[in-house]
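The values are calculated or read from the model by the stated rules, or taken from the named source; none is laboratory data. All figures in this text were calculated on a predicted structure; none of them were measured in a lab. Cβ: placed from backbone, ideal geometry, glycine included. Neighbour counts: every protein chain shown. Side chains are part of the model used for accessible areas, which takes the heavy atoms of the whole protein and leaves out ligands, DNA and RNA. Shrake-Rupley method; radii C 1.70, N 1.55, O 1.52, S 1.80 Å.
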Amino acid sequence: MTQQNNTRAGIALMIAATVVFALQDGISRHLAGNYNTYMVVMIRYWFFAAFVIALAARSPGGLKAATQTNQLGLQVFRGVLLATEICVAVYAFTVLGLIDSMAVFICYPLLVAALSGPVLGEQVGWRRWVAIGVGCIGVLIILQPGAGVFNPWAIIPLISALLFALYGLLTRYAARKDTAATSFFWTGVAGAVAMTLVGMWFWEPMARADWAWMAVLCVSGVLGHWLLIKCYEMAEASAVQPFAYFHLVWTAIIGISVFGEALRPAVILGAALVVAAGLFTLWRERSQG
């Protein structure tokens, strides 16, 4: 298969992954709207952990190779950090809705760029700082803090974006010594242990129909990660990452058609600025790479 065909296949897999993740967001909003968020995320993590363990067992070197790391504290912290971010994001869906939450959350690549200097020691040029500033303006337009209609719950997806950006930076840092398979293993296992310690105190009965939705949620989580793995095997991350913004499109469609959410003009304008700024930072990173 040629490099061009590899890139096309990678793009198709990335778009498919965004469809799956948007479906996952919609189901998460439904379940967390009726049951405790910690319980929903805990069950989701049980299946995720089973997936990463099975994947590690089938990889070269098996579980022994996947678990070996000289930075166990960092790997465990990464896993717990991602689990925390997912809880915050799912809770944001229930109090703010899918569209507004995702419109704010998509600023995370800009936060990664802004924090890559102090966290990783990477150089961030003035052009990317300008793009980060434009993205911040987009977020402010979405939040409308001075319009007299500011919703304090809107800070929650911003916290989620910050946590996810920090998780991404720590993943880069861990990659200096550990393989992707090791990081992926500890992400699932550490997150599952952390969520079990918290979620078991919030267990509540679930309707039979919602158990079916929970099963779909768990399967979609595994499928989404599998699609991403295959995507990055096919093509360079810089070539497919811009298509991750399709996640916002599919989430908006689900929010409007299923949950009756409204697409505010401020959200459209702000999200457009955030996406444009994010695409520019990705382009600068690729051109300098």
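Among 220-228, 24-32, 56-64, 259-267, sorting by the average number of other beta carbon atoms lying within 10 angstrom of each residue, highest first, gives 24-32, 220-228, 259-267, 56-64.
For the chain, with all protein chains in place and a probe radius of 1.4 Å, 69% of the accessible heavy-atom surface sits on carbon or sulfur.
Taking the charge dipole of segment 179-289 about its Cα centre, with +1 at Lys and Arg Cβ atoms and -1 at Asp and Glu Cβ atoms, the residue from 188, 276, 248 reaching farthest to the positive side is 276. Compute the whole-percent fraction of alpha carbon pairs in segment 127-234 spaced more than 24 Å apart. Of the Cα pairs, 52 percent sit more than 24 Å apart.
Using a probe of 1.4 angstrom and keeping all protein chains present, the accessible surface of segment 191-248 works out to 55 square angstrom per residue. With all protein chains kept in place, the per residue accessible area of segment 87-130 amounts to 39 square angstrom at a probe of 1.4 angstrom. The ellipsoid equivalent to the alpha-carbon distribution of segment 187-278 has semi-axes of 29, 23, 14 angstrom, derived from the gyration tensor eigenvalues as √(5λ) and listed largest first.
Over segment 7-85, accessible surface divided per residue gives 43 Å², non-protein components excluded, 1.4 Å probe. What helices in the chain pass both tests, a Cα length along the helix axis of 18 Å or more and a mean Kyte hydropathy of -1.0 or higher, using whole DSSP H runs? Membrane-span-like by this criterion, though nothing is claimed about a membrane: 3-34, 37-58, 72-96, 126-143, 155-174, 180-199, 208-234, 265-288.
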